[in-house]
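The structure appears below as structure tokens.
The values are calculated or read from the model by the stated rules, or taken from the named source; none is laboratory data. Source: prediction; values computed, not measured. Neighbour counts run over all protein chains shown; Cβ positions are idealised from the backbone, glycine included.
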Amino acid sequence: MHLQPRDRHSLDENDLAIDIGQTPAEIVFLSFSDSELRLLAQQHETFDRQAPTLRCASLRQLKHPYSIDLYIDKVLRHAKLIVVRLLGGKEYWSYGVEQLEFLARANNISLAIVPGDIVLDERLTQASTLDATNLQRIWHYFQESGPDNLSNFLQFCSFLIGKNTAYLESQPAPSAGYLVSACTESDLNKPCVLIIFYRSLYLSSDYEPIIALSRTLSHRGFSIQTVYVTSLKDPVSEEFILTLIKAKKPDLIINTTAFSARKETGSVLESANAPILQVALALTTTQAWQASQRGANAADLAMNVVLPEVDGRIFSRAISFKETQELHGACEVSYTSHKSERSRLEFVADLAQNWIKLRRKENKEKKLALILSDYPGRHGRCGYALGLDTPASAVEILTALHASDYCVDPNQIDQSFIKDLENTRKKIGVSIKDYETWLQTLPQSFQNRLYEYWGSPQDDPAVLNDEFIYACIQNGNMLIALQPDRGTRLGREDTYHNLDLPPRHAYVAFYLWLRVTQKIDALLHLGTHGTLEWLPGKSVFLSNECDPEIVLGPIPLIYPFIVTDPGEAAHAKRRSGAVIIGHLTPKLTSPKLTASVAQIETLLDEYSQAVSLDPRRAKLISAAIIDEAKKQDLFQEAGVTAGADLDETLSSLDKWLCDLKEIRIGDGLHIFGQSLDNEEENVSTKNEKLSLLSALEGKFIEPGPGGAPSRGRKDVLPTGRNLFCIDPRHTPTYTAYEIGKRAADEVIRFYLEKHGDYPKEIMLDLWGSATIRTGGEDFAQALALLGVKPLWDTTTFRLIGFEIIPQTHCPYPRVAVTLHVSGLFRDMFPSLIALFADAVKAVANLDEEIGFNPLVGTKSISRMFGAADGNYGLNVTRQINDGAWSHREELAATFLENAGHALNRLGETTPAIDDFRLRVAQTDIHVHANDICDIDVLTGPAFADYEGGFAAANAALGGKSELLHLDITEPEKLKTRTLAQEIARSLRMRLANPSWIHGQMRHGYRGASEIAQGVENLYAFSASSGLVSDHHFDLLFVETIGKEEVKEFLEKENPRALETIANVFNEALKRDLWHPKSNSIALHLHHIGANHGPNA
């Protein structure tokens, strides 16, 4: 029996290979820690010239295998002693560990590889040539650290290579303590701010940003306590911090340490019950940060943003960046030090000041603004938020504020206020003259962009008599308003996710007015989601020229957000400093079949009983079933093939009806903080209200994960917690890969059964929030289709690379997979983008037959596409809803243009529309997976953007791709449906189902807007894919504005929604997308238009 070699690849092997340029020395020290490298080099400088020569190098420079090989050849093979401090375990530098072990044993070189933290890794001990006692001694020198201990470490190294040198054992050094030069005298009359940073920076004197931050805060009149800690997980440091918090009672904590320190009982910082601002001491240089659209690299994103969010910290800004000194001193060390960025310090200090004001002010004195989205900005859609009744929620919030002694009066407002805002019956004016004065305080580059794109403020559509007019209601100290248009009303969805477009003058003026004139203490944005966090600028680590910061400024933002959308919630956290208060989804229910379809189910039951007892009756029943099924247009939905016999036909119909009945839908909308009958849900709603009130009082909000309770994620309950995301370094998880592998099997089975052959090309959609919710199941599916599986660190379970599955072990031929990624996925998962690029390249280079591996010999290996850097939308549905199209080919062109940007392994995009056209044209199956039953293809426009847009493009290019919608809502029971089936299923059981419609009718204006939203989404699929039948339009018409009860509801609660729905049906008629069965429909629509149209 012959064992095949395992074809493994690390994430590092495709990084840029470099030559450090050092010369040989007797002792070589390697570490990821710049502080250790710097301090050790400083200590060596104090020794005389007779001391052994030393080289210090960063492991960050030795990630690529070739870099390691070159360094071994030029430096390491000449050394007598090599010491490595390895953070993260062997898997973080596995190739280096293996090569150094081979080198040391072959050349009799002393080798010590010790952990860079407190986590023991036995594999490092086994790779070392020094004994366990000496390894432990070296480890202690660095754990205790400090100048004296590292000086003795060098003396010990000298002893190990044969010098007659005396050394002392390591001496204990304080795990935590004060940076006295960054502390001020305690003053009970001043707010107290606690600053925390790493002990390693203290010991290496690399704390310039900490001193600068302390001084900036001190100038604002705060009492400052600045302390260093070994780590927030270190027991001694924890006790030190806990004692300090009890004694000083800080009003706010600014934490600069990375990672998460939270245990099941929480973090020691939470004992202050105060806001915890997370600031980053960035790992990148100032130049790299300034040039980057993303802002933070993958390491910074994970260490300084994602993991601290798990602890409930409010991410603010990066306050320092690295400065590099190349080949410095006798050690030829290239180390970096932290250098503060003045504008970032000022912003953090201002934000801290405002959170402290919010904490210290009496509730009755606080001024608040409650902002409701005006998206997607079509008629009847004011206050839109995913799954949330915003008018009812606003009233609920005002009631809670009144009970907590805020100066608001809930008796002066009811849910009808949304109509007043929509019609601008309640309004305020902001003078252009004041705005122009405020504008002068903003960056000149921002002013230039505003004027260049929008012209003068007087040209803004919101201006009347030299004032900007806004829809606002003043209720005591609370201002309730619709978020102004970011761009012009006509092109609203075009501008909504376009980061290149500056906000117009009226938008900027509104937020400046809130800050300067209204002097609000906090802003509440109600529901998922607004436009502020999507304005131009970096994805994270914002600068003072990024629009979200310019517009909002350092105002505390509290943001109720649906718990199932952690991706977009994270975007708001990272770009606008939001505290996200997760809220429940609408309660799920199982709808009934409509009467006509239920009749078929009854007949099928009768047939199954009669077929053996009364064949003549069974024949009559089967004829009735087929007749009624044809009337209801069920044959195509059920997948009844031409020429199918009676048994096959009835079996297909029965399976389809069973599939319909298994659907679960939302029953109405959620009302934030409203008490419910169900005790478990009631705990969540109480917590939502309590957390919002606590945030407004400047208290700590407990963190909680985002995800879907409907998918068994009980850990997301109770809601009312500050949402956080998964660590991207752990994606995909092992469980996600197992589910993704089964999903890939289902896709292959579907195609094989239909075509009798295996697919060669598959395009797969990847969305950010879905990846977060599932732990990366869709991405894992892509790897499985390629014949690749992830590799994880066996200790930390972090993703470290991939392994190519040998041809003999693949269950089916490899598939050439193309990923169509969303903007959020692009920004949030840089490591997955790098891994997929490497995997495609490795698979393309295999020595396999092209019949088994279609990637072999391909000239272009661009296999990831999406919107351009800084863009998040595809604009297909926008173009449809604006009526700016005549033929489906125009929609195809929009899809191809906006999605046709290739991603390299760094996640950078370049226009590649020709490559993308080729991928779309050659696709055998387009796969979109839906992981939660809370939403379906008709819930929002993004489904039509991606799936409908692809359908239009594939058809325009002459392709014949299968359009597959993969249902992974129940991981143990995966289901494949065609996109046409998924549209029909969502229509029959939700959008045109009386039970869902009646659920929405309980919510007045907002429920009506949900119905209008669904009608527009169905129309978008009809326009883009042609997969909506006449019967589907008939059914939707009959159950909505064709039903008097529903029409009267719309007419009363939201006339503009009624107008929108009628306009959509009219458009479908005019564009020949719908041929209604009833001749009276056109007249019916005419009457509605006459009463509710623009000329009514």
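Here is the figure for region 906-929: residues that are of a type outside the set (Asp, Glu) and either without any contact (Cβ under 8 Å) to a residue 60 or more places away in the chain or surrounded by fewer than 19 Cβ atoms within 10 Å (Cβ to Cβ) (or both) total 10. In the condition set (1) more than 30 Å from Asp715 (Cβ to Cβ); (2) free of Cβ contacts under 8 Å to residues at least 60 places away in the same chain, Pro806 is compliant with all but (2).
Here Ile428 passes the criteria (1) in a helix (DSSP H, G or I); (2) in contact with a Leu (Cβ under 9 Å, 6 or more places away or on another chain) except the one numbered (1).
If Val75 meets every condition in (1) within 26 Å of Ser158 (Cβ to Cβ); (2) crowded, with 23+ Cβ neighbours inside 10 Å apart from one, which number is that one? Only one criterion in (1) within 26 Å of Ser158 (Cβ to Cβ); (2) crowded, with 23+ Cβ neighbours inside 10 Å is unmet by Val75, namely (2). Exactly one residue among Lys1043, Lys1070 is surrounded by fewer than 21 Cβ atoms within 10 Å (Cβ to Cβ) and under 18 Å from Asn993 (Cα atoms), and that residue is Lys1043. For Glu1059, the conditions (1) without any contact (Cβ under 8 Å) to a residue 60 or more places away in the chain; (2) over 31 Å from the mean Cα position of the chain (by Cα) all hold with the exception of (1).
Any chance region 240-256 includes a residue that's touching a Lys or Arg at 6+ places or on another chain (Cβ under 8 Å) and more than 23 Å from Gly116 (Cα to Cα)? Checked region 240-256: at least one residue is touching a Lys or Arg at 6+ places or on another chain (Cβ under 8 Å) and more than 23 Å from Gly116 (Cα to Cα).
A quick yes/no check of all residues on (1) farther than 30 Å from Glu679 by Cα; (2) not aliphatic (A, V, I, L, M):
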residue	(1), (2)
Pro703	no, yes
Gly706	no, yes
Val716	no, no
Gly720	no, yes
Phe724	no, yes
Asp727	yes, yes
Tyr734	yes, yes
Arg742	yes, yes
Val747	yes, no
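Being surrounded by 22 or more Cβ atoms within 10 Å (Cβ to Cβ), modelled with pLDDT under 95, of a type in the set (Phe, Trp, Tyr) and touching a helix residue (DSSP H, G or I) at 6+ places or on another chain (Cβ under 8 Å): is that true of Trp534 here? It is true that Trp534 is surrounded by 22 or more Cβ atoms within 10 Å (Cβ to Cβ), modelled with pLDDT under 95, of a type in the set (Phe, Trp, Tyr) and touching a helix residue (DSSP H, G or I) at 6+ places or on another chain (Cβ under 8 Å).
Within region 751-765, is even one residue part of a helix (DSSP H, G or I) and either under 20 Å from Glu947 (Cα atoms) or in contact with a Pro (Cβ under 9 Å, 6 or more places away or on another chain) (or both)? Yes, there is a match, as at least one residue in region 751-765 is part of a helix (DSSP H, G or I) and either under 20 Å from Glu947 (Cα atoms) or in contact with a Pro (Cβ under 9 Å, 6 or more places away or on another chain) (or both). The set of residues in region 857-885 that are modelled with pLDDT of 95 or more and either outside the structural domain of Arg917 (by TED's automatic domain parsing) or assigned to a loop (DSSP other than H, G, I, E, B) (or both) contains only Arg863.
Residue count for region 953-973 under the criterion of being assigned to a helix (DSSP H, G or I) and among the charged types (D, E, K, R): the result is 0.
If only residues of region 15-66 that are among the hydroxyl-bearing types (Ser, Thr, Tyr) and under 40 Å from the mean Cα position of the chain (by Cα) are counted, the one that is farthest from Val97 (Cα to Cα) is Ser35.
Exactly one residue out of Leu345, Leu370 is over 24 Å from Leu203 (Cα atoms) and surrounded by 18 or more Cβ atoms within 10 Å (Cβ to Cβ), and it is Leu370. For region 548-555, the condition holds for no residue, the condition being that it is crowded, with 22+ Cβ neighbours inside 10 Å, modelled with pLDDT under 95 and not in a loop (DSSP other than H, G, I, E, B). Counting just the residues of region 941-998 that are touching a Lys or Arg at 6+ places or on another chain (Cβ under 9 Å) and closer than 18 Å to Ile1061 by Cβ, which one comes out surrounded by the fewest Cβ atoms within 10 Å (Cβ to Cβ)? Top of the filtered list is Pro994. Just so you know, in region 184-204 the residues that are in contact (Cβ under 8 Å) with a residue 40 or more places away in the chain and among the polar types (S, T, N, Q) include one that is surrounded by the most Cβ atoms within 10 Å (Cβ to Cβ), and it is Ser204.
Every residue, every condition in (1) in a loop (DSSP other than H, G, I, E, B); (2) over 46 Å from the mean Cα position of the chain (by Cα); (3) farther than 24 Å from His9 by Cβ, yes or no:
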site	(1), (2), (3)
Ile68	no, no, no
Tyr95	no, no, no
Ile118	yes, no, yes
Arg123	no, no, no
Gln126	no, no, no
Asn152	no, yes, yes
Phe159	no, yes, yes
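Within region 275-296, residues that are more than 20 Å from Phe724 (Cβ to Cβ) have Cβ atoms under 6 Å from residues that are modelled with pLDDT under 95 and part of a helix (DSSP H, G or I) in these pairs: Ala282/Asp300; Leu283/Ala299; Leu283/Asp300, counting only partners at least 6 apart in sequence or on another chain. Listed conditions (1) within 28 Å of the chain's Cα centre (by Cα); (2) touching a residue at least 40 places away in the same chain (Cβ under 8 Å); (3) farther than 24 Å from Pro554 by Cα are all met by Ser337, apart from (1). Select from region 300-318 the residues that are more than 15 Å from the chain's Cα centre (by Cα) and of a type in the set (Gly, Ala, Ser) and write down the one among them that is surrounded by the fewest Cβ atoms within 10 Å (Cβ to Cβ). For region 300-318, the residue satisfying everything is Ser316. Could you tell me whether Asp1072 is at positive phi and not assigned by TED's automatic domain parsing to the domain that holds Gly380? The answer is yes for Asp1072.
When restricted to residues that are at positive phi and either of a type in the set (S, T, N, Q) or modelled with pLDDT of 95 or more (or both), region 360-402 contains 1.
Exactly one residue out of Ser260, Ser237 is small (Gly, Ala, Ser), assigned to a helix (DSSP H, G or I) and either without any contact (Cβ under 8 Å) to a residue 60 or more places away in the chain or buried (at least 20 other Cβ atoms within 10 Å of the Cβ) (or both), and it is Ser237.
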